[in-house]
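Let me begin by presenting the structure, written as structure tokens, before commenting on it.
The values are calculated or read from the model by the stated rules, or taken from the named source; none is laboratory data. Model, not experiment: these values are computed from the prediction. Note: ideal-geometry Cβ built from the backbone for every residue, glycine included; neighbour counts use all protein chains shown.
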Ligand code: ATP
């Protein structure tokens with residue numbers, strides 16, 4: 001059931017478009033992540049939902065009610081910022097009480113909410129401290145607590161973990177997921193980190209240059225990107241792209257190797273073949289695979305082995321589950337039809353009827 005709906009929302013800043021007309025529907029209780037490179041308009045979209053920016057055109061609805069011109073404090077949204085935005089001169093307890101000052105609640109109710117939230121976030125022992133006396137992780141927890149006490153309809157997170165070290169980010173990610181599964185509040189989370197986006201989201205919204213490019217389940221987007229940008233943005237090591245020609249006879253010919261495609265497809269001309277590193281099958285020497293290349297180096301990560309392979313000027317990442325190779329070794333590799341993603345070099349969109 002659609003809960004939050006954006007209808008052709010656009011934002012320009014002094015004539016420059018930060019967000020082209022964008023429509024989006026989010027369900028109640030959904031955890032949605034906006035992801036994309038720096039400057040693509042993620043924060044702008046979030047701030048428009050929060051009411052911290054005014055739309056240049058378009059409308060925003062929450063639960064059928066129009067929200068477009070409603071003041072931020074009356075929207076039922078609470079935002080957690082990257083820089084925590086805590087008041088330095090106030091104690092943790094006062095920071096938590098502050099968002100409640102605009103709500104007409106009995107004092108006991110305010111105290112009860114602060115108590116409940118600080119217990120949930122395990123910050124009860126920090127209530128008398130000031131922000132300067134807290135670690136980064138503790139500050140971020142207080143910032144989340146400040147959003148929680150308001151009991152908003154929607155949580156908005158703007159890159160909340162980017163100031164934390166890798167271990168703490170991992171821990172906070174789990175805590176945010178845990179909170180979401182407990183509270184089931186609609187959550188929108190902005191990040192430029194594709195790993196964070198993949199691990200947190202139920203629904204991923206990939207953005208680029210002021211536009212929503214694709215929305216969907218993160219795994220589905222990974223497996224079925226609608227364009228080269230999404231294919232290349234998601235995945236580490238990144239997807240391999242091999243440029244070649246699809247002939248009228250139904251072959252893909254490239255410097256790396258040739259593949260016979262299914263007959264009767266309608267496409268011919270230049271094409272880009274995208275292959276995820278884990279989807280290559282390394283063939284035995286005497287077994288003629290489609291492609292060949294030379295191992296440049298190997299990264300042994302314990303669970304898997306990343307091979308950097310060069311083939312006729314193309315540099316590929318191949319993940320090997322267990323086989324070990326030495327630099328300089330020649331290898332052959334192939335890929336099953338269902339793991340080949342085809343793109344048009346001119347439009348960068350998917351070509352769907354090849355394989
Ligand atoms: P990042 O990951 O770096 O935070 P982002 O995807 O969140 O990037 P936005 O902050 O939404 O990107 O910015 C989108 C575009 O709008 C950028 O080109 C930015 O320079 C511009 N922009 C954002 N806020 C303003 C503003 N207040 N005035 C003018 N231009 C702005």
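Filtered by the rule that a residue be touching a helix residue (DSSP H, G or I) at 6+ places or on another chain (Cβ under 9 Å) and modelled with pLDDT of 90 or more, region 148-172 gives 149, 154, 155, 156, 157, 158, 159. Total residues in region 296-345 satisfying the condition of being touching a residue at least 40 places away in the same chain (Cβ under 8 Å) and under 26 Å from the mean Cα position of the chain (by Cα): the figure is 12. From the list 328, 274, 293, 244, the one residue that fits, being not in a strand (DSSP E or B) and not assigned by TED's automatic domain parsing to the domain that holds residue 223, is 328.
Within region 1-43, the set of residues being within 16 Å of the chain's Cα centre (by Cα) and within 14 Å of the ligand (Cβ to nearest atom) comprises 33, 34, 35, 36, 37, 38, 39, 40, 41, 42, 43. Here is the figure for region 313-340: residues that are under 15 Å from residue 258 (Cα atoms) and surrounded by 13 or more Cβ atoms within 10 Å (Cβ to Cβ) total 6. Residue count for region 177-193, restricted to those that are over 13 Å from residue 148 (Cβ atoms) and under 17 Å from the mean Cα position of the chain (by Cα): 8. Inspect all residues belonging to region 231-245 and state whether any of them is in contact with a strand residue (DSSP E or B) (Cβ under 7 Å, 6 or more places away or on another chain), in contact (Cβ under 8 Å) with a residue 40 or more places away in the chain and farther than 24 Å from residue 308 by Cα. Checked region 231-245: no residue is in contact with a strand residue (DSSP E or B) (Cβ under 7 Å, 6 or more places away or on another chain), in contact (Cβ under 8 Å) with a residue 40 or more places away in the chain and farther than 24 Å from residue 308 by Cα.
Within region 182-196, the set of residues being outside any loop (DSSP other than H, G, I, E, B) and either outside the structural domain of residue 156 (by TED's automatic domain parsing) or near the ligand (Cβ under 10 Å from one of its atoms) (or both) comprises 190, 191.
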